[in-house]
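*Asks:* Below is a structure I'd like to ask you about.
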Amino acid sequence: MLTQEQLAQYRLDGYVLVSGLISEETIANAEAAMWFTLGMNRDDPTSWSPFPEETDGLTTNVNLGLIEHFGLQTPALLACCTPAFYEVQDQLAQKNPGAFHCQNPQPEAVWTRSVFPVSSDWNYFNGHVDGGYRPFNVFPGSFRVSSLTYLDSGVTQGGGTVIWPWSHRKLSQAAMQSPDRYNILSDFKNPQQRFDLGEPIELRPSRGDVLFFHYLLVHSGSLNTSNKPRFALRLMCTCATCRIWEKNGKWNIWMP
Ligand SMILES: O=C(O)CCC(=O)C(=O)O
């Protein structure tokens, strides 16, 4: 379970990066499964290109160095959802019980975001709130809590997650003060342009860390200009209720 300090950080900053929920063995198996799925060899960078052909459930963007798999049901990847992971997720979900969530207690698959090194200058993408174009009311919200699991330690400018701490409070306050102006999530499109969010932080997780974040936390992906790929997992389901979180084919983003 999270400590009082971790809970306070989640409340104040809109996110918490949690270590120790997944054993090294589980992470090592997941990482090996990722390399196998990609058809690449970790120790041979010449095997990292060309990217695989796009197919159902596999998209690539060479300029961004991004390979995404949707709906992978590989047991070694799903094993990252450990009992400790669910415990912490439940603890945080209870902070916003009224928000949208899947009725199933477990996901069916993973969505992987593998970010490979590119030779352009480092940058991050447009900050966004998840579901910013989906039909959700700002309150009680588009999900109770969501997560990203990292299969290796983050390095500077290594394609990691970028977040704007406190942005969830700025957006909540705006919605409370001007409910007519900020009523649905799409009213928060392009939050960087609309709000004074300050400078973002590039997260540097340790191997096996899980990022839990609030539905109004502004965040983005970034380019990887390091010399190793970044592997991260999100979670998916196929249930009818969660079609509002449709992502690829039959797969929805699983929102616990
Ligand atoms: O890949 C990342 O670290 C960020 C992903 C992201 O922005 C998202 O899934 O909404």
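Each row is one residue, and each column tells you yes or no for (1) touching a Gly at 6+ places or on another chain (Cβ under 6 Å); (2) of a type in the set (Gly, Ala, Ser).
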position: 78; (1), (2): no, no
position: 93; (1), (2): no, yes
position: 97; (1), (2): no, no
position: 105; (1), (2): no, no
position: 113; (1), (2): no, no
position: 118; (1), (2): yes, no
position: 124; (1), (2): no, no
position: 140; (1), (2): yes, no
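*Asks:* A follow-up question, please. Which one of 133, 124 is open to solvent by 40 Å² or more (accessible area, probe 1.4 Å) and either in contact with a helix residue (DSSP H, G or I) (Cβ under 7 Å, 6 or more places away or on another chain) or acidic (Asp, Glu) (or both)?
*Replies:* 133
Conditions (1) over 18 Å from the mean Cα position of the chain (by Cα); (2) open to solvent by 50 Å² or more (accessible area, probe 1.4 Å); (3) among the polar types (S, T, N, Q), marked per residue:
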position: 41; (1), (2), (3): yes, yes, yes
position: 54; (1), (2), (3): yes, yes, no
position: 57; (1), (2), (3): no, no, no
position: 64; (1), (2), (3): no, yes, no
position: 67; (1), (2), (3): no, no, no
position: 74; (1), (2), (3): yes, no, yes
position: 86; (1), (2), (3): no, no, no
position: 111; (1), (2), (3): no, no, no
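*Asks:* Does segment 95-102 contain any residue that is open to solvent by less than 40 Å² (accessible area, probe 1.4 Å), within 14 Å of the ligand (Cβ to nearest atom) and under 18 Å from the mean Cα position of the chain (by Cα)?
*Replies:* no
*Asks:* I need every pair where a residue in segment 107-122 that is more than 14 Å from the ligand (Cβ to nearest atom) has its Cβ under 6 Å from the Cβ of a residue that is among the aromatic types (Phe, Trp, Tyr), sequence separation at least 6 or different chains.
*Replies:* Listed pairs, sorted by first residue: 107/254.
The values are calculated or read from the model by the stated rules, or taken from the named source; none is laboratory data. Note that this is a predicted model, so its numbers are computed, not measured. So basically every Cβ, Gly included, is an ideal-geometry build from the backbone, and we count neighbours across all protein chains shown. Only protein heavy atoms, including side chains, enter the accessible area calculation; ligands, DNA and RNA are left aside. Shrake-Rupley method; radii C 1.70, N 1.55, O 1.52, S 1.80 Å.
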